[in-house]
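The values are calculated or read from the model by the stated rules, or taken from the named source; none is laboratory data. Please read these numbers as outputs of a predicted model, since none were measured by experiment. Ideal geometry is used to build each Cβ from the backbone, glycine not excepted, and the neighbour counts take in all protein chains shown. With ligands, DNA and RNA removed, areas are computed over all heavy atoms of the protein, side chains included. Shrake-Rupley method; radii C 1.70, N 1.55, O 1.52, S 1.80 Å.
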Amino acid sequence: MLAEMGQFALAIACMLAFLQTVYPFYGIYTRQQSAIESAKILTVLQFLFVLLSFLILSYLFLINDFTVAYIATNSNSALPWYYRLSAVWGAHEGSLLLWVFLLSFWSAAVALLSKRLPIESVARVLAVLGLLSLGFYLFVLLTSNPFSRTLPYFPVDGRDLNPLLQDIGLIIHPPMLYMGYVGFSVAFAFAIAALLEGRLDSAWAKWSRPWTMAAWIFLTLGISLGSWWAYSELGWGGWWFWDPVENASLMPWIAGTALIHSLAVSEKRGVFKSWTVLLAISAFSLSLLGTFLVRSGVLVSVHAFASDPARGLFILGFLILVIGGSLLLYAVQASKVKSRGRFELFSRESMLLTNNILLIAALIVVLLGTLLPLVHKEIGLGSISIGEPFFNRIFSVLIVPFSLFLGVGPLVRWKRQSLSELSKPLGSLLILSVVLTVLFLVSFASHFTWLALLGIFLGFWMLCTNCYELYLRATHRFSLLKGLIKLSNSHWAMSLGHAGFAVLVIGITMTQNYSIERDVKLAIGESIAFEHYDFHFDGLQSVQGANYTGNMGIFSVRKDNHLIATLKAEKRIYTVQRMPMTEAAIDAGFTRDLYIAMGEVLPDGAWAVRIYYKPFIRWIWFGPLLMALAGVLMILDRRYRTKPLQERF
Amino acid sequence: MANTRKKLFLSAPLVIFVIGIYFLAAPLFKGTDPRKLDSALVGQRVPSFTLQDLYNHEKQYDAAIFKGQKMLLNVWATWCPTCYAEHHFLNELAEQGVYIIGMNYKDERSKAIKWLTDLQDPYQISLFDKNGMLGLDLGVYGAPETYLIDSKGIIRYRHVGDLNKNNWQDTVLPRFNEME
Amino acid sequence: MRLNLQPIYLTPLVVSLFFCFSSLAYSAIDTFEFDNVAQEQLFYDLSKQLRCPKCQNQNIADSNAQLAKDLRNKTYELVRQGKSEQQVIDYMVARFGNFVRYDPPMTPATIFLWIGPLIFILLAFYFLLSQIKTQKKQNDPLDEQESARLQKMLAKKVGSDKKRREENKQ
């Protein structure tokens, strides 16, 4: 009965979404204030119904109702309760429900938090969001209903959640990622509403900025969580594989990054507005494209959902409607946008646009690299694979101008900057960065490579210029300390965000250039010397989990006869799906990770063991964490909290 | 004038999108499976090899067996459930007079012989590729696979997955008839 | 009535998916012995840039599928024979096609991977430069329509301010 109620709630939410799309537009067209104002109420109601539906599904998972097909395939009574809860979004149907749930969550947030905005603009935005929700509700209800039953014959127990997904990282990763994907719908809706209204001004940029930032924060965290999970869970020691699904999350992120920068220019200086709108459309469109790629099965990916052509066709139709429609609207309406600000070639505006251009070039690389295999096969040139070697090569080219400009950009004034004024400090900063790079490499690198030199230099270049900019800004009017305290949140956000990126670049450079991996054969009691460390295989224990059994290898790691860590790596068999899993053991550190994964037991009783030494790999996740924090600071900036100015004119 | 140019410029994203969507839609409508690969050996001779007969380990074959008439080379194994599903149709084809050479791939001899005795043997010749040597040279990436080989011993097409009435009629037979 | 039935939706597709996932679940770990460090490094590099044709999207180093194992063994054998990186890749491509390498060859289509972004960067900079140039030519950055609107707004604001002042007076 409960499952039917869940489905019914979903159907009501779908109808409310329909009303939310139609009614406000009708109100605006016929100038009926009540219809316009209904947008907010409809949005909140819609949210409540989908919340109900989501809670019902979660509850059904908790009570192990295996008469529901989705639960029978993705849960098991032996599964711990928290994994039963996270199993709600463990496969296609539930993850789509999560998607619509979050979409209406964002819509409701817009409805409730935009009291300062003119009601008519909010109504337009909510109507666009309603249209998006409507599409996804129909998708869930028509092709992927999580509430459908297995009656009259239902299994005694479920087929269990894929063991890969039984991890704390996978509890939080999808909701974070979806919050990001879906969050861009707000920026999208603001852009479409502005285009429909034919009025793109600084106020529009100002309104959409915190929303875009919020979505970007979630996406940043979601992607880095996914990367961290893959690293710690899969036993392959990597952190990014350039898999189509990973690329699908990277593309909206890049577009979103370009968007938050472009919005800043549009808000402050009123230029690049049509470019900003295009980015706002792109960020969400790329999220949709990602959904299509993951769920249609047109590409081969490790993360594939069980794909179904009917689902593929539905999303494709939706894609054409939403993206095609908005690009058409853009082509017609954006030509009316006039940009008013003037700036010279060497100015903050140009610098920001340059970085935008480089970001979009990177986006094009990822997009082409992901989709070209499809085209290649389609035009009869045969199947190809585009993977790590290609992406790494082209990204190590693109990162160079990007990082250099990123360092200079914040030092450059709006409108106009004389080159001679900056050349001297930049020269000194260059020398400082080179010195720091050499010092860094001498202390942490085992050998010299040009790529490492370049990468570390770029990292320090961004850090040095960043500190110099802070110093300049702080001492502009006050003493250094007082000046630093007086700096606005958004200024700190910029600095912190850029520092986070520098940390990321340093982490990537060190990990990619100086990682060491060895596959060895170790019997109990044996040791192996590895990169200044001595790994000793102490013994083996058997482990018994709620839904798995396994072996745990215990290794002690010594350096100069000092015990550094005791690592416990597991090899598990999940009982329901008979699936073997590796639980790698990691000794995480600020400058390096030591990583052990157990392979199989060999005929002579020894074990195949993989050992990694991963220098600075934590920085790869620490950097994005800083960037996300920077985003939070940005949203907390006074500007977005004070009483509204007369924004609309 | 400037405005038209601007409009053209602003329609560029739409145009790119339309082109892109074609390539997303095409595989969906055609039902192309991205995991099915064309053989790299199409247009080339069957690689040279020496393999034992499945039934008689003293009897050896080489690439010469692929000459003289057009034929199918079917790669199969007893550990492959799809091969089981396909086997009945291969029997039918053999009854229709299609010349089929079987290659038992990475398998156990006794199991394979039992399989053929139980299920009927559609193969004119049965090769036994225990270590997957010919399989590797052919680029076999999963059983069952069926190669179309013409009378000169040149590979013309590879079908991945099970052969059945539908795909035989639709895709394989026309190609088979086309060959010399 | 509770029956212990295998769910009917347990289609072969799902099974094959799980099969491939299971090969994802733990990386393959072999214990090959090498003559020297360079050889070992070459083997690792190769096994990371060769794709397992059978799997979802994994290189032969990470996959535990039987075919990936075979290809690893073959790569090991070729590396031990002293074959160069290119020779091993050519060997694999000759058998499995270009799909097997993660580094795509130059074809009329893959060339766009490189020139696509390049064209975009050039076009965008051309656009930026021309925008700056036309800006310099224009005298008034506000066009007539917009300045008219601005005038109107200012007038309104002045008007309403006046009104307010008058109200205050009263």
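What to note about this one:
- Mean ellipticity per residue at 222 nm, deg cm²/dmol - from DSSP H runs of n ≥ 4 across chain A, formula -39500 (n - 2.57): -21500 deg cm²/dmol
- Surface accessible to a 1.4 Å probe, A:Arg269 within the full protein complex, Å²: 50 Å²
- Taken over the protein assembly as shown, the alpha-carbon convex hull comes to 208 cubic angstrom per residue.
- Computed extension length for A:Leu419-A:Arg149: 90.2 nm, one decimal, from 0.36 nm per residue of separation with the Cα-Cα distance subtracted.
- Surface calculation, 1.4 Å probe, protein heavy atoms: A:Glu37 sits at approximately 90 Å² accessible.
- Across B:Leu116, B:Leu51, B:Leu163, mean-square fluctuation computed from a Gaussian network of chain B (C-alpha pairs under 10 Å connected) peaks at B:Leu116.
- Considering only chain B, percent of DSSP beta bridges that pair antiparallel, nearest 5: 60 percent
- Within the listed set B:Leu134, B:Leu93, B:Leu37, the residue fluctuating most in the Gaussian network model of chain B (springs between alpha-carbon atoms under 10 angstrom) is B:Leu37.
- The order of B:Lys152, A:Lys273, B:Lys106 by accessible area, most exposed first and with a 1.4 Å probe, is B:Lys152, B:Lys106, A:Lys273.
- Evaluated with a Cβ-only charge set (Lys, Arg +1; Asp, Glu -1), the stretch A:247-375 carries a dipole of roughly 460 debye about its Cα centre, given to the nearest 20.
- The stretch A:400-457 versus the stretch B:112-180: alpha-carbon centroid distance in Å: 60 Å
- Compactness of the stretch A:525-602 as Cα Rg over 2.2 N^0.38 Å, two decimals: 1.19
- Cβ-based charge dipole, the protein assembly as shown, positive-most Cα from C:Asn36, A:Val365, B:Tyr99: A:Val365
- Taking each of A:Lys377/B:Lys67; A:Lys571/C:Lys83; A:Lys571/C:Lys54 in turn, the alpha-carbon distance tops 26 angstrom for A:Lys377/B:Lys67; A:Lys571/C:Lys83.
- About its Cα centre, the dipole of the protein assembly as shown is roughly 5560 debye, where the only charges are +1 on Lys and Arg Cβ and -1 on Asp and Glu Cβ.
- Straight-line reach from A:Lys206: taking Cα to Cα under 15 Å and skipping same-chain neighbours fewer than 8 places apart, the aspartates and glutamates in range are A:Glu267, A:Asp637, A:Glu647.
- Here the Debye sum runs over all C-alpha atoms of the stretch B:50-178 as equal scatterers in vacuum, and log10 of I(q)/I(0) at q = 0.16 Å⁻¹ comes out as -0.74.
- Calculated mean residue ellipticity at 222 nm for chain B: -12000 deg cm²/dmol, from DSSP H runs with n ≥ 4 weighted as -39500 (n - 2.57), summed, divided by the residue count and rounded to 500.
- In plain terms, the C-alpha convex hull of the stretch A:197-276 casts an average shadow of 6.1 nm² when viewed from every direction.
- Per-peptide average of other Cβ atoms within 10 Å, ordering C:31-42, A:628-639 highest first: A:628-639, C:31-42
- Restricting the chymotrypsin sites (Phe, Trp or Tyr not before Pro) of the stretch A:113-173 to loop positions (DSSP other than H, G, I, E, B) with no more than 12 neighbouring Cβ atoms within 10 Å leaves nothing.
- Label-zone membership for the stretch B:142-180, site B:Ala63, 7 angstrom Cα→C-beta point, backbone N under 12 Å: B:153-155
- Note that the protein assembly as shown presents 43 Å² accessible area per residue, ligands and nucleic acids not counted, probe 1.4 Å.
- The label-point distance for A:Leu138 and A:Asp157, in a model that sets each label 7 Å from Cα toward Cβ, rounds to 4.3 nm.
- Solvent-accessible surface (1.4 angstrom probe) belonging to A:Met351, in square angstrom, nearest 10: 20 Å²
- On the beta carbon distance between C:Gln87 and A:Ala588, with R0 = 25 Å, the FRET formula returns roughly 0.05.
- Comparing Cα centroids, the stretch C:34-73 and the stretch B:21-97 end up 25 angstrom apart.
- Shielding of peptide B:133-142 by partners, expressed as the average count of other chain Cβ atoms within 10 Å per residue Cβ, is 5.
- C-alpha long axis of helix B:109-119 to longest principal axis of chain B, angle in °: 80 degrees
- Figure note: A:Leu131, A:Leu151, B:Leu136, C:Leu113 ranked by solvent-accessible area, largest first, 1.4 Å probe, ligands and nucleic acids not counted: A:Leu151, A:Leu131, B:Leu136, C:Leu113.
- Candidates per chymotrypsin sites (Phe, Trp or Tyr not before Pro) in the stretch A:590-639, loop by DSSP, up to 10 other Cβ within 10 Å: A:Phe590
- Mean separation of Cα contacts under 8 Å (6+ apart) over length of chain B, as relative contact order %: 27 percent
- Value of relative contact order over the stretch B:1-83, rounded to a whole percent, pairs C-alpha under 8 Å and six or more apart: 13 percent
- Using alpha-carbon coordinates, inclination of helix B:81-95 to the longest axis of chain B, degrees: 70 degrees
- The B-A contact accounts for approximately 2300 Å² of buried accessible area, totalled over both chains at a 1.4 Å probe radius.
- Taking chain A and dividing mean pair separation by its residue count, relative contact order in percent (alpha carbons under 8 Å, at least six apart): 11 percent
- Positive-end residue of A:Gln166, A:Thr73, A:Ile56, charge dipole of chain A with Cβ unit charges: A:Ile56
- Residue order for A:Ser58, A:Ser396 - accessible surface, 1.4 angstrom probe, largest first: A:Ser396, A:Ser58
- Between the stretch A:1-47 and the stretch A:143-200, the C-alpha centres lie 20 angstrom from each other.
- Per-residue mean of C-beta atoms belonging to partner chains within 10 Å, peptide A:325-335: 5
- Candidates B:Leu28, B:Leu90, B:Leu119: whichever shows maximal mean-square fluctuation once chain B is modelled as a Gaussian network with Cα springs under 10 Å: B:Leu28
- Buried accessible surface for the C/A pair, both sides summed and rounded to the nearest 100, is 6500 Å² with a 1.4 Å probe.
- Within 10 Å of each Cβ in A:347-354, the average number of Cβ atoms from other chains: 2
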